[in-house]
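**Student:** Structure below; questions to follow.
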Amino acid sequence: MRRVALKIGGMHCAGCVVAIQDYLSDLDGVNRCEVNLGSGKAILEYDPSIIDLSKIERSIEEVGYIVVYEKLTIKVGGITDSSDADRLEKRLRRLEGVRFASVNYGNGQILLEYNPALLSLSDIRQILNNSGYQVLSEDLSASVEEVEARRLKKLFIIGVIFTIPVVLLGYPEYFSFIPVAGSIMAAYIIFTCATIVQFVTGSRFYIGAYRIAKMKSANMDTLVVTGTTAAYLFSVFNTFPTPLWHNIYYDAATVVITFIILGKYLENKTKGKASSTIRKMLELQPKIARVKKNGEEVEVPVELIQVGDLIVVKPGERIPVDSVVVDGYSAVDESMVTGESVPVSKKFGDEVIGGTVNKEGALVIKAAKVGSDTFLAQVVKLVEDAMGRKPPMQRLVDKVAGYFAFIVIGIALGTFLTWYFLVSGEHFANALIPAVAILVVACPCALGLATPTAVMVGMSKGAQNGIIFKGGDTLELMGKIRVAVFDKTGTLTRGKPEVTDIIPLKQIVTTTGRSFDDQNNKILEYAATAERNSEHPLAKSIVQKAREMGLTIGEPSEFIAIPGKGVKAIYNGNTVIVGSPALMENEGIDIQVARESILKLQEQGKTAVLVSLDKEVIAVMALLDTPKPNAKEALQELRNMGIEVVMLTGDNERTAATIANELGIDRVIANVMPSDKVEVIKKLQDEGKKVAMVGDGINDAPALTQADIGIAIGSGTDVALEAGKVVLVRDDLKDVVAAIEISKKTVSKIRQNLFYAFIYNTALIPIAGLGLLYPALAGLAMAASSISVTSSSLLLKRWNPSNKRSGNTHSIKK
């Protein structure tokens, strides 16, 4: 199965979304399709052995919609001759997402039509640079949103110009001062103006209604076309040959169309603001970087930076790409990409993120990730992909919207018949106007925008604070969590345990009969040698301690890691085992001599590690891992939210209880092997509660996947590699609280938007049905509802999670 995103043009409302989803899902080979009105994208999963992408695109175009391709003109240097240009053209055409490519050797110009959902501008630059060509300049044509906005603006201007005469001449009783008012000439002028508005300004509605009719469905366009065409045709019938002024209602059509076009224009602008928030993160990257070449500093475009290049960044400048500091010391402002409010100190060996600002000293950095591999590019791709994954709430709304248009048509028809036969005494005009008003006022635009616009802003708000939600369903579910399970080591604690005690239990005598005077150092040397190839935090701490002591760490001839228990190695002909008491007992080693020391260390909250040499325990080593500074406060905030906090650890009960008491955790599950964490999560889920698992995203991957919400914390710049459904860039437990707050605030905004949309429809349909709402006002109300929903969602941009409002003052080093 392949997963692909397509940007679709021509969608107007939730009805279009449902119709396209159903149509594409019915194609052979398409496994799944989700269409998002807010982003204008369709996310598809399909089997390329059954159906190819070009056939899917043709299917979309056959029903009247378009797959959006952007046009790009690039000037490049380095094209040697016409055959070189031909080879480059063929290579570009083979790229997935490129529909058309033309390379002109004469002027060094490349013309491209590409799908921005499949291929980014930075990818194109990177491909050209890697092929040996230099990008000199680029001219990106206007985006589809900008083109649509300009088109709507033109249609609105046409609508206003020709609607004003319709209104002024259509009411001679109010505008009798106009010389031709009430005359046959006036009626014909009105007819001409109304016709232009109906079929020029209103052309997009007829096109949309035709598209949706081909898919045997109905949407907003169907309602607008049905209502305004009925009013227009009735008015035409009463215009010729002699005007019957009391039966002419051109304004019921022209004003409605003009107001709705205005609403669509304003909606397009506000929707664009919601969808562009995350894209603006890419603009943080500078265009030019200062690269060291042959001892000199040379300014080069960021696209030309290669992994390994040395880059000079002066105070006040932005870091061009994700890099590692090789010289200098400074503080870097990462607030715009991770939400960290205080500049983070950076020294030799520290990572820096592209787009962040160097505040103080000059830095020399080595490029580590470029192009689409950078942190910013990963975040934008993840969030845009996530926007295609709808929350359950939106799926329900889309389902309702799919039937809504037919229900409204039925209500309008019932209203017309009721007025015609029971109320107005078979007076056609009196029955038509309420029916037209219902068709116009009930358009489901606001319903279709209520959820996606809020989700877009909510996800963008999360990304700006270093919190990445990998789907709209995740964003909705996060606020429903009732149990939060935390892995101990590296999540609740610093993850950097220190060796505090070495207790010799037996003098070391090797197989050669040699003994050592400094037993502690020799124990540490043997333990570090055995652990040197292990990735476990305790192993790394033992190796680090040996290095600090200046000890020689040997290379074991054999090494076996026993997950969750320890290691076994052969060194200098001796069998060295380092690990838990359980591991020693499994190996048939008597640990009775160590039990008293183990108990004392565990009561102090320390982790006891045994060291054995040739089947005999020679020492107990103690390691202490302290809680993170803000862990207790973050856990208390979770409890204040009504969330049960559980600590999960492979440590023994005594050590775990000491850490739990310090952090105020009531429920502890200890002695859990990595392979057993999934079962623990399942048991908690069996209690009927939504469970979140918070871990490091790599060692805890199975448990994160099993949990209702897996939260990978402290991922740094490798956000795309994490197993969690929520990724926290910073190693800050308060971001777990912030993620829940963002979820609840976004869902609250969605519910508020849906409430407004449903109340608007349920309240105004009866008013229109009673004849109290003229169609022109119905059109204005309908336009206002869509604008109010998108504007309401944009208000989320002003809101911040509690740890940002209170002024987060801690600094976390990556």
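**Student:** Under a point-charge model restricted to the Cβ atoms of Lys and Arg (+1) and Asp and Glu (-1), what is the dipole moment magnitude of the chain relative to its Cα centre, in debye to the nearest 20?
**Tutor:** Values: 89 positive and 88 negative charges, 334 e Å.
With Lys and Arg at +1 and Asp and Glu at -1, about 1600 debye.
**Student:** Gap in Å between the Cα centre of the stretch 1-63 and the Cα centre of the stretch 594-664?
**Tutor:** Here the two parts' Cα centres lie 52 Å apart.
**Student:** Still on this structure: Give, in nm to one decimal, the length gained when the segment between LEU417 and ILE759 is fully stretched (0.36 nm per residue of separation minus the Cα-Cα distance).
**Tutor:** Working: separation 342, 0.36 × 342 = 123.12 nm, distance 2.52 nm.
Working it through step by step, the gained length comes to 120.6 nm.
**Student:** Report the GluC sites (Glu not before Pro) located in the stretch 655-695 that are in a DSSP loop and have at most 11 other Cβ atoms inside 10 Å of their Cβ, or state none.
**Tutor:** Of the GluC sites (Glu not before Pro), the ones in loops of the stretch 655-695 whose Cβ has at most 11 other Cβ atoms within 10 Å are GLU687.
**Student:** If each of LYS615 and LYS689 carries a label point 7 Å out from its Cα toward its Cβ, how far apart are those two points in nm?
**Tutor:** That separation, rounded to one decimal, is 4.8 nm.
**Student:** Hey, can you list the DSSP H helices of the chain whose Cα span along the axis is 30 Å or longer and whose average Kyte-Doolittle score is at least 0.0?
**Tutor:** Numbers: long enough: 144-170 (38 Å, 1.16); 250-279 (44 Å, 0.13); 392-418 (38 Å, 1.20); 734-769 (52 Å, 0.46).
The answer, listed by residue number, is 144-170, 250-279, 392-418, 734-769.
**Student:** Hey, another quick one. What does the extension gain come out to for ARG3 and ILE178, with contour length at 0.36 nm per residue minus their alpha carbon separation? Before the final figure, lay out the partial values.
**Tutor:** On the way: separation 175, 0.36 × 175 = 63.00 nm, distance 6.28 nm.
This chain segment gains 56.7 nm when fully extended.
**Student:** Take TYR188, TYR265 and sort them by solvent-accessible surface of the protein heavy atoms, 1.4 Å probe, largest at the top.
**Tutor:** Values: TYR188 80, TYR265 50 Å².
These residues rank, largest area first, as TYR188, TYR265.
**Student:** Can you give the convex hull volume per residue for the Cα atoms of the stretch 436-504, as a whole number of Å³? The partial results should precede the final answer.
**Tutor:** On the way: hull volume 8.0 nm³, N = 69.
Considering the Cα atoms of the stretch 436-504, their hull volume per residue is 116 Å³.
**Student:** Now a separate question. Would you report the distance distribution of C-alpha pairs in the stretch 382-513 as whole percents per 10 angstrom bin, up to the bin with the largest distance?
**Tutor:** Per 10 Å bin, starting at 0, the Cα pair percentages come out as 10, 20, 17, 14, 12, 10, 6, 4, 3, 2, 2, 0.
**Student:** Could you give the length gained on full extension between LYS366 and LYS480, defined as 0.36 nm per residue of separation minus the Cα-Cα distance, in nm? Walk me through the numbers on the way to the answer.
**Tutor:** Working: separation 114, 0.36 × 114 = 41.04 nm, distance 4.29 nm.
Going from the current span to full extension adds 36.7 nm.
**Student:** Taking the radius of gyration and the Kirkwood hydrodynamic radius from Cα positions alone, what is the Rg/Rh ratio for the stretch 477-597, to two decimal places? Mind dumping the intermediate values first?
**Tutor:** Values: Rg = 17.1 Å, Rh = 16.1 Å.
Here the Rg-to-Rh quotient is 1.06.
**Student:** Follow-up question, since we're still on this one. Mind listing which trypsin sites (Lys or Arg not before Pro) in the stretch 322-374 are in a DSSP loop and have 16 or fewer other Cβ atoms within 10 Å?
**Tutor:** Values: sites: LYS346, LYS347, LYS359, LYS366, LYS369; in loops: LYS347, LYS359.
Answer in residue order: LYS347, LYS359.
**Student:** Moving on to the next point. Given a 1.4 angstrom probe, I'd like the percentage of the accessible area of the chain that is carbon and sulfur, rounded to a whole number.
**Tutor:** On the way: 18620 of 33940 Å².
Result for the chain: 55 percent of the exposed heavy-atom area is carbon or sulfur.
**Student:** So if I average 1/r over every pair of distinct C-alpha atoms in the stretch 553-675 and take the inverse, what Kirkwood radius in Å does that give?
**Tutor:** On the way: mean 1/r = 0.0622 Å⁻¹.
Hydrodynamic radius (Kirkwood, Cα only) of the stretch 553-675 equals 16.1 Å.
**Student:** How high is the FRET efficiency between ARG32 and PHE199 when r is their beta carbon distance and R₀ equals 22 Å, given to the nearest 0.05?
**Tutor:** Numbers: r = 39 Å, r/R0 = 1.77.
Calculated value: 0.05.
**Student:** Moving to a separate point now. Can you compute the modelled spin-label distance between ARG667 and LYS682, with each label point 7 Å from Cα toward Cβ, in nm?
**Tutor:** Taking the simple label geometry, ARG667 and LYS682 are separated by 1.8 nm.
**Student:** Please give, to one decimal in nm, the separation of the simple spin-label points placed at TRP245 and LEU795, each 7 Å out from Cα toward the Cβ.
**Tutor:** 4.6
**Student:** Mind listing the long-range amide H neighbours of VAL180? Cut-off is under 5 Å, sequence gap 5 or more, other chains count too, H placed in the peptide plane at 1.01 Å from N.
**Tutor:** Amide H neighbours of VAL180, under 5 Å, 5+ apart: none.
**Student:** Continuing with the same structure: Assign one of three labels to the chain, namely rounded, prolate or oblate, based on the Cα gyration tensor with a ≥ b ≥ c the square roots of its eigenvalues; rounded applies when a/c is under 1.5, prolate when it is not and a/b is larger than b/c, and oblate otherwise. Intermediate results must be reported in sequence, preceding the final value.
**Tutor:** Working: a/c = 2.98, a/b = 2.01, b/c = 1.48.
Prolate shape, in that a/c is at least 1.5 and a/b is the bigger ratio.
**Student:** Something else about it: In what sequence, largest accessible area first, do LYS390, LYS600, LYS797 appear using a 1.4 Å probe?
**Tutor:** LYS600, LYS797, LYS390
**Student:** Still on this structure, please answer the following. Largest first, how would LYS606, LYS568, LYS399 line up by accessible area (1.4 Å probe)? Don't jump to the answer; show the numbers that get you there.
**Tutor:** Working: LYS606 25, LYS568 65, LYS399 130 Å².
The most accessible residue leads, giving LYS399, LYS568, LYS606.
**Student:** With every protein chain present, what accessible area does GLU297 have (1.4 Å probe, heavy atoms only), rounded to the nearest 10 Å²?
**Tutor:** 100
**Student:** Using a ≥ b ≥ c from the Cα gyration tensor of the stretch 1-159 (square roots of the eigenvalues), is it rounded, prolate or oblate, where a/c under 1.5 gives rounded and otherwise the larger of a/b and b/c decides, a/b for prolate? Present the calculation step by step, with values, prior to reporting the outcome.
**Tutor:** Values: a/c = 2.77, a/b = 1.46, b/c = 1.89.
Oblate, since a/c reaches 1.5 and b/c is not below a/b.
**Student:** If you don't mind, there's one more thing I want to ask. Do me a favour and compute the ellipsoid semi-axes for the stretch 639-711 from its Cα gyration tensor, root of five times each eigenvalue, largest one first, whole Å.
**Tutor:** Values: eigenvalues 69, 52, 24 Å².
After scaling each eigenvalue by five and taking roots: 19, 16, 11 Å.
**Student:** Nothing charged except the Cβ atoms of Lys and Arg (+1) and of Asp and Glu (-1): what's the magnitude of the dipole of the stretch 94-179 about its Cα centre? Round to the nearest 20 debye. Each step should come with its number before you reach the end.
**Tutor:** On the way: 7 positive and 9 negative charges, 27 e Å.
The dipole magnitude comes to about 140 debye.
**Student:** Under 8 Å for C-alpha pairs, at least 6 residues apart: give me the relative contact order for the stretch 495-632, rounded to a whole percent. Don't jump to the answer; show the numbers that get you there.
**Tutor:** On the way: 257 pairs, mean separation 39.1, N = 138.
Worked out over the stretch 495-632, it gives 28 percent.
**Student:** Then there's this: With a cut-off of 19 Å, note down the residues of the stretch 529-547 whose backbone N falls inside the zone around a label point 7 Å from the Cα of ILE570 toward its beta carbon.
**Tutor:** It comes to 529-534, nothing else.
**Student:** With +1 on each Lys and Arg Cβ and -1 on each Asp and Glu Cβ, how big is the dipole of the stretch 387-496 about its Cα centre, in debye rounded to the nearest 20? Let's see the in-between values first.
**Tutor:** Working: 11 positive and 5 negative charges, 203 e Å.
Using Cβ point charges on Lys, Arg, Asp and Glu, the stretch 387-496 gives about 980 debye.
**Student:** Tell me the mean residue ellipticity at 222 nm calculated for the chain from its helices only (DSSP H runs of n ≥ 4, each -39500 (n - 2.57), averaged over every residue, nearest 500). Walk me through the numbers on the way to the answer.
**Tutor:** Numbers: 26 runs with 366 residues, N = 814.
My calculation for the chain gives -14500 deg cm²/dmol from helical runs alone.
**Student:** Could you calculate the FRET efficiency of VAL324 with THR552 from 1/(1 + (r/R0)^6), where r is the beta carbon distance between them and R0 is 35 Å, rounded to 0.05?
**Tutor:** Details: r = 28 Å, r/R0 = 0.81.
With a Förster radius of 35 Å, E is 0.80.
**Student:** Please name which of ILE523, ILE542, LEU505 has its Cα lying farthest along the dipole of the stretch 430-560 towards the positive end, using unit charges on Cβ (Lys, Arg +1; Asp, Glu -1) and the Cα centre as origin.
**Tutor:** About the Cα centre, the residue reaching furthest to the positive side is ILE542.
**Student:** Right, next: Taking the alpha-carbon centroid of each part, what is the distance from the stretch 197-234 to the stretch 537-588 in angstrom?
**Tutor:** Their Cα centres are 75 Å away from one another.
**Student:** Need one word for the stretch 591-644: rounded, prolate or oblate. Basis is the Cα gyration tensor (sqrt eigenvalues a ≥ b ≥ c); a/c below 1.5 gives rounded, then a/b vs b/c decides. Write out the running numbers ahead of the final one.
**Tutor:** Details: a/c = 3.96, a/b = 3.43, b/c = 1.16.
In terms of gyration-tensor shape, prolate.
**Student:** Using +1 at the C-beta of Lys and Arg and -1 at the C-beta of Asp and Glu, which of VAL324, VAL457, ALA437 has the Cα lying farthest in the positive direction of the dipole of the chain?
**Tutor:** ALA437
**Student:** What's the Kirkwood radius of the stretch 539-592 in Å, using all Cα pairs? Write down the numbers at each step before the final one.
**Tutor:** On the way: mean 1/r = 0.0813 Å⁻¹.
In the stretch 539-592 this quantity evaluates to 12.3 Å.
**Student:** Could you do me a favour and compute the accessible area per residue for the stretch 588-689, 1.4 Å probe, result in Å²?
**Tutor:** Details: 4640 Å² over 102 residues.
Accessible surface, normalised per residue, equals 45 Å².
The values are calculated or read from the model by the stated rules, or taken from the named source; none is laboratory data. Quantities reported herein were computed from a predicted structural model and do not represent experimental measurements. Cβ sites come from the backbone with ideal geometry, for glycine too, and all protein chains shown count toward neighbours. Calculation scope for accessible area: heavy atoms of the full protein, side chains included, ligands and nucleic acids excluded. Shrake-Rupley method; radii C 1.70, N 1.55, O 1.52, S 1.80 Å.
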